[in-house]
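Enquirer: Here it is, the structure in full.
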Amino acid sequence: MNKKVCALFVAGLMALTGVAYAATAADVDTSLLPYKNFKVDPVKFKPGTVVNQANVETYKDSLDVAMYQFIKDGWYEFTIEKTTSFDPPAPYIEATRKNFNTTKLGEGNLVDFVAGRPFVAEPNTNDPKAGEKLAWNNKYALIAGDGGTIYPFYWKYRDMKSGKLERQIKLRVYSLNFKHRTTEEPIPEITPNPSNIFRGLYIGVEEPFDVKNTQLLIQRHEDDLKRDNAWLYLGFQRRVRRLSSGQTTDAFLGSDLMIEDFEGYNNRVADNTWKYISTEKLLLPFYNHNELKELSDEFEEPDGYRYVAFGGQGNCFPKVTWQLRKVYVIEATPVNPNHPISKRIMYMDAQTGFFSRTVSFDRAGKLWKTWLIGESHPDYHLAVNKGSGIAQWDSFTMIDTQAMHCTTGQFHAYNDPKEVSPSMFTPQYLRKKGK
């Protein structure tokens, strides 16, 4: 009996302190390669089945609450595709195997984190830190790998009632991991790095003329308790100005996205309290881009790439196939009581660690915005991405249900380390590009 009590005490202590060595080596496979023994009802989720207004009740338990309502209202329908594994790159898996038993939760930061996925043990509702651990897994997920490019990147603003296209913006995006690198040299980090930056994000606008040369730079610190460094270059002013932390919740370029909304969640772990709700099997927009039956011909690329097409209510939904996926459901509540969002329900794909679906509520607790980002398997995308193991962001929509408005995104995303360098993530680069 004493041994049993002692074991329970140790297990509880590990949960509270976030010690990763409570997991086992087998948990690495469960975390990163969860589809080895994943069971799917072959009748209910038969590939080719269309989920629509007529049969949505059959799939209610496999959809997030907002998507269920969209389909029920006849706004959207999609086709089910076979569940496939988006295996991470072998170096990322190996780094996780090597380091999973060292990482711990500290006071607002990780302790002894090296590389890979910080926490591989299955989340447990009895662990009050389970949600926070998943948030850390998202921060160190392979978002665009160690360095990525999206160009061209098209945003469209639409009236959701009429489908009228109000505005189209063409952007260029670069991202770069400075630390905890596993897939691209230099490994494990880029030096010198005097500001101890973990990751940089650069966004530049190329069209239309009135916002051309608007640029955004974000430097995310390794120390999560430090606020991001963020700068904005306005082409018509020809100067760089530093952004305050409060401006990350402003609408970016008049879109339905806040800067904080980028990538599903673009801020510090410390800015929210994170509560793990459950683990589910849910349908998410994961697919093979090159095998989609309908792609857009509206833009011509030299490599012949065709973008994801949009349809549904107001042309606000991507015409992509969906898979049944293992999903962690998390509730994120902003620490700042004046935040415009009261909470987000976030649906994390368990394998990639991405927030594929996010449902946001306003300060009165009413449904406000929903985020969707489509993921293509890299082997069925651009040739440069084949074999990389880096899931490719391929389409997005942010829907403001209260304003009946949406912003959609079409990606030409790829991972080419020759295109991204540390010098691009400095205020000086903004000035240089703005001339």
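Enquirer: Out of the residues in segment 382-419 that are farther than 20 Å from N290 by Cα, surrounded by fewer than 23 Cβ atoms within 10 Å (Cβ to Cβ) and not hydroxyl-bearing (S, T, Y), which is nearest to the chain's Cα centre (by Cα)?
Expert: Among residues in segment 382-419 that are farther than 20 Å from N290 by Cα, surrounded by fewer than 23 Cβ atoms within 10 Å (Cβ to Cβ) and not hydroxyl-bearing (S, T, Y), the one nearest to the chain's Cα centre (by Cα) is D400.
For (1) in contact with a helix residue (DSSP H, G or I) (Cβ under 8 Å, 6 or more places away or on another chain); (2) more than 26 Å from I169 (Cβ to Cβ); (3) without any contact (Cβ under 8 Å) to a residue 24 or more places away in the chain, each residue gets a yes or a no:
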site: R199; (1), (2), (3): no, no, no
site: Y202; (1), (2), (3): yes, no, no
site: P208; (1), (2), (3): no, no, no
site: V211; (1), (2), (3): yes, no, no
site: S278; (1), (2), (3): no, yes, no
site: L283; (1), (2), (3): yes, yes, no
site: E298; (1), (2), (3): no, no, yes
site: G304; (1), (2), (3): no, no, yes
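Enquirer: It is to be established whether one or more residues within segment 314-326 are modelled with pLDDT of 95 or more, crowded, with 22+ Cβ neighbours inside 10 Å and of a type in the set (G, A, S).
Expert: Taking every residue of segment 314-326 in turn, at least one turns out to be modelled with pLDDT of 95 or more, crowded, with 22+ Cβ neighbours inside 10 Å and of a type in the set (G, A, S).
Enquirer: Could I ask something else about it? Give me the strands (runs of 3 or more DSSP E) completely within segment 212-313, filtered to those with at least 3 residues that are under 30 Å from W75 (Cα atoms), ordered by residue number.
Expert: On the way: elements: 215-221, 229-234, 239-242, 272-284.
Once the strands (runs of 3 or more DSSP E) in segment 212-313 are filtered for at least 3 residues that are under 30 Å from W75 (Cα atoms), what remains is 272-284.
Enquirer: Something else: Can you name every residue in segment 229-249 that is under 20 Å from D210 (Cβ atoms) and among the aliphatic types (A, V, I, L, M)?
Expert: Matches in segment 229-249: L232, L234, V240.
Enquirer: Okay, next question. Quick one: is A135 in contact with a strand residue (DSSP E or B) (Cβ under 8 Å, 6 or more places away or on another chain), of a type outside the set (S, T, N, Q) and assigned to a helix (DSSP H, G or I)?
Expert: yes
Enquirer: Only one residue in T84, T125, T149 is assigned to a loop (DSSP other than H, G, I, E, B), in contact (Cβ under 8 Å) with a residue 24 or more places away in the chain, under 30 Å from E294 (Cα atoms) and in contact with a strand residue (DSSP E or B) (Cβ under 9 Å, 6 or more places away or on another chain), so which one is that?
Expert: Every option except T84 fails the conditions.
Enquirer: Sticking with this one: Can you confirm whether segment 175-187 contains a residue that is more than 18 Å from the chain's Cα centre (by Cα) and closer than 27 Å to F299 by Cβ?
Expert: no
Enquirer: Something else: For residues in segment 57-72 being without any contact (Cβ under 8 Å) to a residue 24 or more places away in the chain and surrounded by fewer than 20 Cβ atoms within 10 Å (Cβ to Cβ), which is nearest to D400 (Cα to Cα)?
Expert: Taking segment 57-72 and keeping what is without any contact (Cβ under 8 Å) to a residue 24 or more places away in the chain, we get 57-58, 60-61, 68-69, 71-72.
Restricting the remaining residues to those that are surrounded by fewer than 20 Cβ atoms within 10 Å (Cβ to Cβ) gives 57-58, 60-61, 68-69, 72.
On the way: E57: 24, T58: 26, K60: 22, D61: 24, Y68: 16, Q69: 14, K72: 18 Å.
Result: Q69.
Enquirer: Taking the options K98, K156, name whichever one is charged (D, E, K, R) and at pLDDT 95 or above.
Expert: It is K156.
Enquirer: Next up: I need the full set of residues from segment 46-72 which are assigned to a loop (DSSP other than H, G, I, E, B) and out of contact with any helix residue (DSSP H, G or I) (no Cβ under 8 Å at 6 or more places or on another chain), in order please.
Expert: K46, P47, G48, T49, A54, N55, D64 - these are the residues of segment 46-72 that are assigned to a loop (DSSP other than H, G, I, E, B) and out of contact with any helix residue (DSSP H, G or I) (no Cβ under 8 Å at 6 or more places or on another chain).
Enquirer: Counting only residues that are touching an Asp or Glu at 6+ places or on another chain (Cβ under 9 Å) and part of a loop (DSSP other than H, G, I, E, B), how many does segment 162-184 have?
Expert: The total comes to 7.
Enquirer: Next question, about the same structure. Looking only at segment 159-172, decide whether some residue is surrounded by 23 or more Cβ atoms within 10 Å (Cβ to Cβ), basic (K, R) and in contact with a helix residue (DSSP H, G or I) (Cβ under 7 Å, 6 or more places away or on another chain).
Expert: No, segment 159-172 contains no residue that is surrounded by 23 or more Cβ atoms within 10 Å (Cβ to Cβ), basic (K, R) and in contact with a helix residue (DSSP H, G or I) (Cβ under 7 Å, 6 or more places away or on another chain).
The values are calculated or read from the model by the stated rules, or taken from the named source; none is laboratory data. As the structure is a computational prediction, the values presented were derived from the model and not from experiment. Note that we place each Cβ from the backbone using ideal geometry, even for glycine, and neighbour counts take in every protein chain shown.
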